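Beneath this line is the structure, given in structure tokens, with notes to follow.
The values are calculated or read from the model by the stated rules, or taken from the named source; none is laboratory data. None of the values given here were measured: they were computed from a predicted structure. Note that we place each Cβ from the backbone using ideal geometry, even for glycine, and neighbour counts take in every protein chain shown. To get the accessible areas, we keep the full protein, side chains included, count just its heavy atoms, and leave off ligands, DNA and RNA. Shrake-Rupley method; radii C 1.70, N 1.55, O 1.52, S 1.80 Å.
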Amino acid sequence: MADLFPDRIVELGTAFWGAKTLLSAVELGVFSELAQGPLDGETLRARLGIHPRSARDFFDALVALGMLVRERDRYANTAETDLFLDPAKPSYMGGLLEMLNFRLYGFWASLTEALRTGQPQNEAKSGGGDLFAALYSDPVRLRLFLQAMTGVSLGAARAMAQKFPWRSYQTFIDVGAAQGGLPVQVALANAHLTGGGFDLPVVGPIFQEYVASFGLSDRLHFQAGDFFTDPLPGADVLVMGHILHDWDLDEKRNLLRKAHAALERGGALIVYEAIIDDERRRNAFGLLMSLNMLIETRGGFDYTGADCAGWMREVGFRETSVVHLVGNDSMVVGIK
């Protein structure tokens, strides 16, 4: 007993303190303000419109959390926050944090109710329809959601652009492409490829705007459709990123079956997200993401690489493999 301490329990129990501090920093524009250069605390406080009472504690908490650096009284972004949390940079992934702050932070307060009832705790709880009906009917929320999907996928997209053998293929389509983060990264790293994204029609202008900002409109095109009611477009490679976990098992199998039907022999399907380790012990993020699917959807859940590979084989893929991408993300590849 003398060697046991409650530190890890306390740290986990209060983890929301640090999370909300970061989310509020994004909301207030801390990192975009400091992207122009270091500022002393009083200048930063005044520019952000923060009350004097806790400004110093707020900024220094961000230092202690590793989100800012401080030399004497001058605060600056870290290399990571400057790259990923400055909205003026194409590497910005703060859309994810904006969505976490705007939507999910409050919904997660009802996790206990979700665990007891098995029911979503998002907009659907108050009669707002399901997750996607609520998001896609509101232009502001839709853009925020699509930016968030770029943020959550950026690291995996860059890794996939390098780790998958794209030289063996000529065309690809990202199914459920959102803003187009993955097609852009794959196209930037593989000049011989052409392709694009497949998503609901309302997503088209946002996809095209994003792709155009990288000068890739001649190689990446948008195809409108619903992946449950329409055939999937044909290509050498189909990609489903952060798609399967939104749906129940029958719907997962249906999407995999449709992908198999759309591919020619030798074609590939790539499924990627925070794939849970097969022993379900290490990838805490993937397991927590599955709880997030409980909060957000009526039947969605995350899964292991072995689970996904098994479903792929059930619908006819002859070869499967699981490849780690970066951080918590892996891809499951099926070859027809």
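Tally Lys/Arg at +1 and Asp/Glu at -1 over every other residue whose Cβ is under 13 Å from the Cβ of Ala212; what's the total?
Details: positive: Arg219; negative: Glu209, Asp218.
Around Ala212, the charge tally is -1.
Counting alpha carbon pairs within less than 8 Å and at least 6 residues apart, what relative contact order, in whole percent, applies to the stretch 196-336? Display every interim value, and only then the final one.
Numbers: 241 pairs, mean separation 31.7, N = 141.
Answer for the stretch 196-336 is 22 percent.
Per the Kirkwood formula on distinct C-alpha pairs, the Rh of the stretch 82-189 is how many angstrom?
Numbers: mean 1/r = 0.0635 Å⁻¹.
One decimal place: 15.7 Å for the Kirkwood radius.
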> Between Gln162, Met289, Gly41, whose Cα lies farthest towards the positive end of the dipole of the chain when Lys and Arg beta carbons carry +1 and Asp and Glu beta carbons carry -1, centred on the Cα centre?
Replying inline: Gln162
> Got a sec to turn the phi values of the stretch 327-336 into Karplus ³J(HN,Hα) couplings, 6.51 cos²θ - 1.76 cosθ + 1.60 with θ = phi - 60°, whole Hz, x for Gly and Pro?
Replying inline: x, 8, 9, 9, 10, 10, 10, x, 10, 6
> Dimensions of the stretch 266-307 along principal axes (Cα, Å, largest first)?
Replying inline: 38, 24, 13
>> Just the number: Rg to Rh for the stretch 118-247, Cα atoms, Kirkwood Rh, two decimals.
In response: 0.99
> What does the charge dipole of the chain about its Cα centre add up to, to the nearest 20 debye, if the Cβ of each Lys and Arg holds +1 and the Cβ of each Asp and Glu holds -1?
Replying inline: 260 debye
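Do you know the relative contact order of the chain, to the nearest whole percent, from alpha carbon pairs under 8 angstrom that are 6+ apart? Please report the intermediate quantities before stating the final value.
Working: 556 pairs, mean separation 41.7, N = 336.
After rounding, I find 12 percent.
With all protein chains present, how much of the accessible area of the chain (probe radius 1.4 Å) comes from carbon and sulfur, to the nearest whole percent? Don't jump to the answer; show the numbers that get you there.
Numbers: 9000 of 16440 Å².
It is 55 percent, rounded to a whole number.
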> Rolling a 1.4 angstrom probe over the protein heavy atoms, how many square angstrom per residue are accessible across the chain?
Replying inline: 49 Å²
>> Which one, Ala261, Met149, Asn101, is farthest towards the positive end of the dipole of the chain when Lys and Arg carry +1 and Asp and Glu -1 on their Cβ?
In response: Ala261
> What nm distance separates the two modelled labels at Ala191 and Ile335, each placed 7 Å from Cα along Cα→Cβ?
Replying inline: 2.8 nm
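Note the direction-averaged projected area, equal to a quarter of the hull surface, for the Cα convex hull of the stretch 207-324, in nm².
Reported value for the Cα convex hull: 8.6 nm².
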> What nm value, rounded to one decimal, do you get for the distance between Ala261 and Leu111 when each label is placed 7 Å out toward the C-beta?
Replying inline: 3.9 nm
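Mind giving me the FRET efficiency for Ala55 and Ala19? R0 is 25 Å, r the Cβ-Cβ distance, nearest 0.05 is fine.
On the way: r = 20 Å, r/R0 = 0.78.
For Ala55 and Ala19, the calculated efficiency is 0.80.
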>> What are the extents of the Cα atoms of the stretch 39-115 along their three principal axes, in Å, largest first?
In response: 47, 34, 22
>> With θ taken as phi - 60° and the coefficients 6.51, -1.76 and 1.60, list the Karplus ³J(HN,Hα) couplings across the stretch 14-30 in order, rounded to whole Hz; mark glycine and proline as x.
In response: 9, 4, 5, 4, x, 4, 5, 4, 5, 4, 5, 4, 5, 4, 7, x, 4
> If the cut-off is 16 Å between C-alpha atoms, which aspartates and glutamates fall inside it for Lys163, apart from same-chain ones fewer than 8 positions away?
Replying inline: Glu273, Asp329
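Only Lys, Arg, Asp and Glu count, each charged at its Cβ (+1, +1, -1, -1), so figure out the dipole size of the stretch 53-152 about its Cα centre, rounded to 20 debye. Walk me through the intermediate numbers first.
On the way: 11 positive and 12 negative charges, 28 e Å.
Using only the charged Cβ atoms, the result is roughly 140 debye.
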> Among all stretches of the chain without exposed GluC sites (Glu not before Pro) (DSSP loop, at most 12 other Cβ atoms within 10 Å), which one is longest?
Replying inline: 1-263
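From the P(r) of the chain, can you give the percent of Cα pairs sitting at distances over 29 Å? It would help to have the intermediate numbers written out before the result.
Numbers: 24375 of 56280 pairs.
So the pairs more than 29 Å apart make up 43 percent of the total in the chain.
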> For the stretch 218-288, what is the charge dipole size about the Cα centre, in debye to the nearest 20, if Lys and Arg each add +1 at the Cβ and Asp and Glu each add -1 at the Cβ?
Replying inline: 200 debye
>> Contact order normalised by length for the stretch 24-122, with contacts defined as Cα pairs under 8 Å and 6 or more residues apart; what percent is it?
In response: 26 percent
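Stick to the Cα atoms of the stretch 171-259, pair each with every other, and give me the Kirkwood hydrodynamic radius in Å at one decimal. Intermediate results must be reported in sequence, preceding the final value.
Working: mean 1/r = 0.0761 Å⁻¹.
So the Kirkwood estimate lands at 13.1 Å.
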